[in-house]
Amino acid sequence: MLVSARDMLVKAKEGHYAVGQFNINNLEWTKSVLLTAEELKSPVILGVSEGAGKYMTGFNTVAAMVKAMDESLGITVPVALHLDHGTYDGCYKCIKAGFTSIMFDGSHYDIEENVAKTQELVNVAHQLGLSIEAEVGSIGGEEDGVVGMGECADPDECKRIADLGVDMLAAGIGNIHGKYPEGWPGLRFDVLDAIQQKTGAMPLVLHGGTGIPADMIKKAISLGVSKINVNTECQLSFADATRKYVEAGKDLEGKGFDPRKLLAPGAEAIKATVKEKMELFGSVGKA
């Protein structure tokens with residue numbers, strides 16, 4: 001059964017580990033993440049961007065697939081289905097579709113409008129038992145056309161949003177989506193520490209988890225990060241394994257072109273990446 005992310009993140013914050021959010025892009029992605037979470041007895045959050053939701057023919061399709069797969073595979077660990085970087089309208093679509101968690105990304109609004117829309121969505125989400133994430137300070141890089149320069153969040157604005165009753169807070173601390181460029185200066189731990197001081201028990205979220213060095217990940221967790229988002233790294237693993245399969249001519253052997261065979265190496269590569277991240281985040285055995 002799918003659950004909200006609230007309880008799993010409260011436990012993560014108290015236990016000084018982080019729960020991974022792994023964005024899903026199709027059936028193979030979903031299956032790989034769920035099976036790995038079950039194998040490692042780790043709670044997990046399945047993230048769905050609005051672009052990926054559209055690609056999979058809509059949020060209703062995504063929710064139906066995830067719920068059916070969770071049941072069919074006999075998954076026993078906590079699983080949250082979460083909208084990633086949701087617009088105001090997107091949040092309502094996912095609530096209606098049966099998601100158990102939403103993220104409202106109001107970081108591109110001025111703080112007053114961000115506060116107003118976030119407060120409204122907090123009230124709606126909590127009435128229905130959903131968890132909700134908000135963002136302050138845009139995350140750098142590009143994700144589904146959402147572009148941010150990676151400015152750092154204002155700790156006072158973070159407190160203002162946190163005080164609205166959100167369940168988790170994404171705060172920009174120099175992190176970016178996608179691959180990290182040469183010369184990236186690293187995470188701003190001074191800003192993260194200042195945010196933690198202002199927001200207290202609030203679980204903090206680190207977006208752009210791909211490519212951040214392990215020591216930085218561990219330090220971020222020690223400073224209150226309880227949820228870490230990973231997307232690009234799984235995509236890269238999938239693409240690399242698929243390329244090797246084709247370049248080795250495996251698709252030309254027997255029925256190697258069958259999508260069940262063609263996509264299998266990529267699916268296994270996703271499992272390996274998810275396992276590596278869950279071990280790094282410290283969530284193994286915490287379900």
Whichever residue in the stretch 183-237 is at pLDDT below 90 and touching a strand residue (DSSP E or B) at 6+ places or on another chain (Cβ under 7 Å) and, among such residues, is surrounded by the fewest Cβ atoms within 10 Å (Cβ to Cβ): Thr210
Which residues, counting only those in the stretch 260-283, are out of contact with any His (no Cβ under 8 Å at 6 or more places or on another chain), open to solvent by 20 Å² or more (accessible area, probe 1.4 Å) and part of a loop (DSSP other than H, G, I, E, B)? Leu263
Residue set Ala63, Ala68, Ala37; condition out of contact with any Phe, Trp or Tyr (no Cβ under 8 Å at 6 or more places or on another chain) and touching a residue at least 24 places away in the same chain (Cβ under 8 Å); output residue Ala37
Search result, residues across the stretch 185-231 that are under 14 Å from Ala18 (Cβ atoms), in a helix (DSSP H, G or I) and either touching a helix residue (DSSP H, G or I) at 6+ places or on another chain (Cβ under 7 Å) or hydrophobic (A, V, I, L, M, F, W, C) (or both): Leu192, Ala214, Met216, Ile217, Lys219, Ala220, Ile221
Out of the residues in the stretch 144-180 meeting the condition of being at pLDDT 90 or above and assigned to a loop (DSSP other than H, G, I, E, B), tell me which one is most open to solvent (accessible area, probe 1.4 Å). Asp163
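The values are calculated or read from the model by the stated rules, or taken from the named source; none is laboratory data. Just so it is clear, the structure is predicted and the values come from calculations on it, not from any experiment. Note that each Cβ is placed from the backbone with ideal geometry, even for glycine, and that neighbours are counted across all protein chains shown. Ligands, DNA and RNA are stripped out before the accessible areas are found, and what is left, the full protein with its side chains, is counted by its heavy atoms. Shrake-Rupley method; radii C 1.70, N 1.55, O 1.52, S 1.80 Å.
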